[in-house]
1. Compute the accessible area per residue over the stretch 34-81, keeping the other protein chains in place, probe 1.4 Å, unit Å².
2. Could you work out which residue, out of MET159, MET123, MET50, moves most in a Gaussian network model of the chain, that is, has the largest mean-square fluctuation with Cα springs under 10 Å?
3. Compute the relative contact order of the chain as a whole-number percentage, counting only Cα pairs closer than 8 Å that sit 6 or more residues apart in sequence.
4. So which GluC sites (Glu not before Pro) in the stretch 53-130 are both in a DSSP loop and have at most 16 other Cβ atoms within 10 Å of their Cβ?
5. With the radius of gyration and the Kirkwood radius both derived from the Cα set of the chain, what is their ratio Rg to Rh?
6. How many percent of the accessible area of the chain is carbon or sulfur, using a 1.4 Å probe?
7. Report the normalised scattering of the stretch 1-118 as log10 I(q)/I(0) at q = 0.13, 0.14, 0.18, 0.23 Å⁻¹, calculated by the Debye formula with identical scatterers on the alpha carbons.
8. Which whole-number percent gives the relative contact order of the stretch 119-179, counting Cα pairs below 8 Å spaced six or more residues apart?
Amino acid sequence: LKVLCPFIFREWGRVENQTVQTQDGNVNYVTSYELPQNDENAPDLYLPSMSLLTYVLLCALCYGTAGKFDPEVLPAVTTKCLGTQLLEVIAIRIGLYLMEVSIPLLDLASYTGYKYLGLSINMLSGLTLGHFFGYGHRAYYFTFLWTAAATSYFILKVMANNIPVRTSAAGPKRQVMVLGFAASQFATCWFVSQTKFLE
């Protein structure tokens, strides 16, 4: 729900655990984050991976209903999605490196993978309304506007809460990078869309 309707949520911070470690008389405070079962804001790869599989299968169904199915559709759509996501994660990592900030790679993969939930809903609405009423493209792009905006806002809030306020003075400004990361979600959602065979 937080990915599809992020506008209604106010709390975006992760739950932190601080532990004290003593070594040779020195006291160190180690901060770690709670796991997803104890923190609703913690990223996990389950939802993005299942959403990706669902989106690929819905794309194959779209090709099949148009009579254009080929087994190569499955790896082609998967490769396009994962390749785009990999490039997106690399671009975000470069931006974070320039700001001298670190976010774990799997967290970034999870955050950027939540877009597949919205893409699955877009494809499902396009297929359903296209089959019954002939409004496949219109339904897809109507829901696309909502899901892409929601995903972009989700990334905006997540990155704003995960990137520290103090970053490198020589690097790019934090606000510009956070807005850029959010805008990239809208662009990548559009790029990986498979709408040519919707009715």
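1. Value returned for the stretch 34-81: 57 Å² of accessible area per residue.
2. It is MET50.
3. Worked out over the chain, it gives 26 percent.
4. On the way: sites: GLU72, GLU88, GLU100; in loops: GLU72, GLU100.
Here the sparse-neighbourhood loop sites are GLU72, GLU100.
5. Rg/Rh for the chain comes to 1.06.
6. That fraction is 64 percent.
7. Values, matching the q order: -0.70, -0.78, -1.06, -1.30.
8. Working: 35 pairs, mean separation 14.6, N = 61.
It comes to 24 percent, rounded to a whole number.
The values are calculated or read from the model by the stated rules, or taken from the named source; none is laboratory data. All figures in this text were calculated on a predicted structure; none of them were measured in a lab. Counting neighbours? That spans all protein chains shown, and the Cβs are built from the backbone with ideal geometry, glycine included. Note: areas computed on protein heavy atoms with side chains; ligands, DNA, RNA excluded. Shrake-Rupley method; radii C 1.70, N 1.55, O 1.52, S 1.80 Å.
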